[in-house]
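Novice: One structure follows; several queries about it will come next.
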Amino acid sequence: MAAPWFVYIPLIFALYIFTHHFFHKLRNLPPAPILNLPFIGHLYLLKKPLYRSLAKISARYGPVALLQFGSRRVLVVSSPSAAEECLAKNDVIFANRPHLLAGKHLGYNYTSLAWTSYGDHWRNLRKISSIEILSTHRLQLLHSIRVDEVKSTIRALNRASEQRRVVDMKTVFFELTMNVVMRMIAGKRYYGENVEEVEEARRFREIVKDTLRLGTSNMGDFLPVIRWLGVGGVEKGLVELQRKRDAFMQELVEGCKRRFNSYGGDDGEGGGDMVAEGNDENHD
């Protein structure tokens with residue numbers, strides 16, 4: 001009597017694991033956990049918090065380990081020398097960005113500076129940001145904004161100390177950073193005290209919150225079948241989020257242009273004029 005077909009499943013599974021591990025060794029690749037499951041790879045090893053899971057893998061397999069997260073290979077580097085090898089000596093090889101779902105929708109189809117791969121377009125964007133946004137002259141012009149925001153944060157911390165209130169420093173530094181960035185770009189602050197446009201600030205905070213929630217990697221980035229089936233509605237959420245982001249940023253640009261024109265070429269605070277200038281140049 002022939003054995004049922006499901007009796008052979010463990011044998012096929014063991015054969016798959018053995019052959020995969022054998023060819024991995026044959027190609028002289030970095031060490032990897034032997035149990036590489038079909039479809040999901042090594043995703044079963046990940047637990048929260050993620051850094052502890054990766055630390056356990058590094059402790060067992062060494063400073064460089066090669067993992068398979070679904071359809072993507074992931075190199076885990078945990079030593080300074082290995083990181084230097086990747087990011088200094090072989091920086092061009094590791095300069096490309098993975099095509100994740102967030103980059104498609106939030107990065108304008110992988111064309112923004114944070115998402116585009118290394119090449120002429122990336123070099124051009126980097127040059128523009130270095131000259132127009134992050135140059136020494138530009139940062140010096142905006143020095144007063146950074147000083148003002150730091151002083152405001154210190155005053156808020158001092159009041160919290162006097163009132164014996166518990167303060168989440170992670171939130172404090174995040175809000176400080178966002179206020180500095182947005183005042184440099186648009187001349188407005190959206191967190192903490194002295195928020196002039198409350199409704200606009202609420203919209204901005206909601207967009208930032210959704211960006212942090214949806215902009216991280218999701219299972220659809222590693223298991224394409226989940227993305228194709230639309231499980232979780234992540235892509236739909238990203239499309240809607242980008243619509244809100246575009247509308248908000250367009251309003252900021254128009255506001256910066258109005259201030260830029262009303263002040264005769266200076267928005268009055270040092271920030272925002274570069275947005276208006278860049279927008280005018282693009283239309284020219």
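Values quoted throughout were computed directly from the atomic coordinates according to the rules given, and no laboratory measurement underlies them. Bear in mind that the values here come from a model prediction, so they are computed numbers and not experimental data. Cβ coordinates were reconstructed from backbone atoms using ideal geometry, including for glycine residues, and neighbour counts include every protein chain displayed.
Novice: Fully extended, how many nm does the chain gain between residue 29 and residue 239 (0.36 nm per residue separation, minus their Cα-Cα distance)?
Specialist: Extra length available between residue 29 and residue 239 comes to 71.8 nm.
Novice: Right, another one. With a ≥ b ≥ c the root eigenvalues of the C-alpha gyration tensor of the range 98-174, is it rounded (a/c under 1.5), prolate (a/b larger than b/c) or oblate?
Specialist: oblate
Novice: Before anything else, pin down the relative contact order of the chain: Cα pairs under 8 Å, at least 6 apart, normalised by residue count, whole percent.
Specialist: So the answer I get is 13 percent.
Novice: Computed FRET efficiency, Cβ-Cβ of residue 128 and residue 229, R0 45 Å: what is it to the nearest 0.05?
Specialist: With R0 = 45 Å, the Cβ-Cβ based efficiency is 0.70.
Novice: Show the residues, 5+ positions off or on another chain, whose built amide H is closer than 5 Å to the amide H of residue 41.
Specialist: 70
Novice: Next question, about the same structure. Among [x] 64; [y] 51; [z] 56, only one was calculated for this model; which label is it, if the read-out is percent of Cα pairs over 25 Å apart?
Specialist: Looking at percent of Cα pairs over 25 Å apart for this model, the match is [x].
Novice: Among rounded, prolate and oblate, which fits the range 120-283 when a ≥ b ≥ c are the square roots of the eigenvalues of its C-alpha gyration tensor, a/c under 1.5 means rounded, and a/b larger than b/c means prolate?
Specialist: oblate
Novice: Something else about it: Springs between alpha-carbon pairs under 10 angstrom, Gaussian network model over the chain: which of 201, 88, 186 fluctuates most?
Specialist: Ranking 201, 88, 186 by mean-square fluctuation puts 88 first.
Novice: Rounded, prolate or oblate: which fits the range 5-94, taking a ≥ b ≥ c as square roots of the Cα gyration tensor eigenvalues, rounded meaning a/c under 1.5, else prolate when a/b beats b/c?
Specialist: Prolate shape, in that a/c is at least 1.5 and a/b is the bigger ratio.
Novice: Between residue 18 and residue 194, what is 0.36 nm times their sequence separation minus the Cα-Cα distance? Round to one decimal in nm.
Specialist: So the chain would gain 57.0 nm between residue 18 and residue 194.
Novice: Read phi for every residue in the range 41-54 and hand back ³J(HN,Hα) as whole Hz from Karplus 6.51 cos²θ - 1.76 cosθ + 1.60, θ = phi - 60°, with x for Gly and Pro.
Specialist: With the stated coefficients, the range 41-54 comes to x, 9, 4, 5, 7, 7, 9, 7, x, 4, 5, 6, 4, 5 Hz.
Novice: Same structure, new question: Taking 0.36 nm per intervening residue step and subtracting the Cα-Cα distance, what contour gain separates residue 157 from residue 113 on full extension?
Specialist: Gain on stretching residue 157 to residue 113: 12.4 nm.
Novice: Which of 143, 105, 42 ends up with the largest GNM mean-square fluctuation for the chain, with Cα atoms connected below 10 Å?
Specialist: Of the options given, 143 has the highest mean-square fluctuation.
Novice: Would you calculate a helix-derived [θ] at 222 nm for the chain, using -39,500 (n - 2.57) for each DSSP H run of n ≥ 4 and dividing by the full residue count, to the nearest 500?
Specialist: -17500 deg cm²/dmol
Novice: Okay, next question. Quick check on the exposure proxy: order 86, 256 from fewest to most C-beta atoms within 10 angstrom.
Specialist: In increasing order of surrounding Cβ atoms, one gets 86, 256.
Novice: What is the distance, in nm, between label points placed 7 Å from the Cα along the Cα-to-Cβ direction at residue 56 and at residue 94?
Specialist: 2.5 nm
Novice: Can you work out the Karplus-derived ³J(HN,Hα) for every residue in the range 220-229? Use 6.51 cos²θ - 1.76 cosθ + 1.60 with θ = phi - 60°, whole Hz, and x for glycine or proline.
Specialist: x, 6, 10, 10, x, 4, 5, 5, 5, 7
Novice: Sticking with this one: Which of the lysines could a cross-linker bridge to residue 151, judged by Cα under 30 Å and excluding same-chain residues fewer than eight apart?
Specialist: Qualifying lysines at Cα under 30 Å: 170, 188, 209, 257.
Novice: What is the spin-label model distance, in nm, from residue 83 to residue 254 if the labels are put 7 Å beyond Cα along the C-beta direction?
Specialist: With each label point 7 Å from Cα toward Cβ, the separation is 4.5 nm.
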